[in-house]
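The values are calculated or read from the model by the stated rules, or taken from the named source; none is laboratory data. All figures in this text were calculated on a predicted structure; none of them were measured in a lab. Every residue, glycine as well, gets a Cβ built from its backbone with ideal geometry; the counts of neighbours run over all protein chains shown. Side chains are part of the model used for accessible areas, which takes the heavy atoms of the whole protein and leaves out ligands, DNA and RNA. Shrake-Rupley method; radii C 1.70, N 1.55, O 1.52, S 1.80 Å.
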Amino acid sequence: MIEFRTLADDHPDLAHSPLLRGALLTLHYAQEQGSIGLTQTKAFKRVFVHWAVENFDWPGQSAEEIFRYNKMINEYEFPPLEVLHFLLISLRLGRHFKGEFRLTKRGAELAQAPGRLFAELIPYFVLQVDHASYARFDDRPFGKWDIWMNVINVEADQGTTEVALFEAFYGEPQDWHAAGWREKAAFSSCVLRPLMWAGLLTDAREDNSDPKVCHVFKTSLWRSVLTLDIDDMLRPRFVQ
């Protein structure tokens, strides 16, 4: 069973969640400006997309890097914002009205309550969204969230690697250069990336290694907000 605790609005571990930060910034922007303009296809207009790229401070995607080749970015070219837009509409925190995105009463309330917003946004995003729908490929990994998260809870408690996590679930592929790399990519896109966007996991890459090694760690937010079946199997953590 996966249980998300509701944290106090001023809990410091909430700062680990990029998706929560983006949601709060978007809700506050819409509240202060009155609305966010939409294109004819009901995407956010470029002026807001540009603002979001500059202000979201998204891990691994600096504004400088994103604008290096294109000065004007559409919503679909900044996937975190596209996913967030979908979430805000799905959870009825915002609505489309006469060519604009406007906050609902509930959205305006949760804009001032980060702990409650996290409790609404993150479990839905992690557990309910089809993560293959915005991934590079349509492949979906075999498995269920209660198994993935309970195993990651143990394997990543002291830190592990992306490859080691994949092999813990699926074994070592016979050929990393054939179907193996697609299976690993699906696992990374549909399991690890959502947990990182939620702020429950973080990563560090060895750029000087070949192939590049990605280390995966649980954040303090994971420990603060999650209750999982096998928590009692974890080694005690000592604070010096």
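In this simple spin-label model, placing a label point 7 Å from the Cα along the Cα-to-Cβ direction at both His11 and Gln33 gives a separation of 3.1 nm.
Per residue, the chain reaches -12000 deg cm²/dmol at 222 nm when only DSSP H runs of four or more residues are counted, each adding -39500 (n - 2.57). The heavy atoms of Thr104 present about 30 square angstrom of accessible area, all protein chains included, probe 1.4 Å. For the chain, the longest principal axis of the C-alpha atoms and the axis of helix 18-33 are separated by about 0°. Potential lengthening of the chain between Ser90 and Asp138 amounts to 15.1 nm, from the contour at 0.36 nm per residue minus the alpha-carbon distance. Helix 79-90 and the long axis of the chain differ in direction by around 70°, with both axes built from C-alpha atoms. Leaving ligands, DNA and RNA out of it, report the carbon-plus-sulfur percent of the accessible area of segment 1-129 at a 1.4 Å probe. Here it works out to 49 percent. The residues of segment 1-79 present an accessible area of 59 Å² per residue when probed at 1.4 Å with all protein chains retained.
Extending 7 Å from Cα along the Cβ direction at Arg205 and again at Lys98 yields two label points whose distance is 4.5 nm.
How about segment 76-126: which trypsin sites (Lys or Arg not before Pro) there lie in a loop by DSSP and see at most 16 other Cβ atoms within 10 Å? Mind showing how you got there, number by number?
On the way: sites: Arg92, Arg95, Lys98, Arg102, Lys105, Arg106, Arg116; in loops: Arg92, Lys98.
For trypsin sites (Lys or Arg not before Pro) across segment 76-126 that sit outside H, G, I, E and B with at most 16 neighbouring Cβ atoms in 10 Å, the list reads Arg92, Lys98.
Helix 46-55 axis versus longest C-alpha principal axis of the chain: approximately 50°, rounded to the nearest ten.
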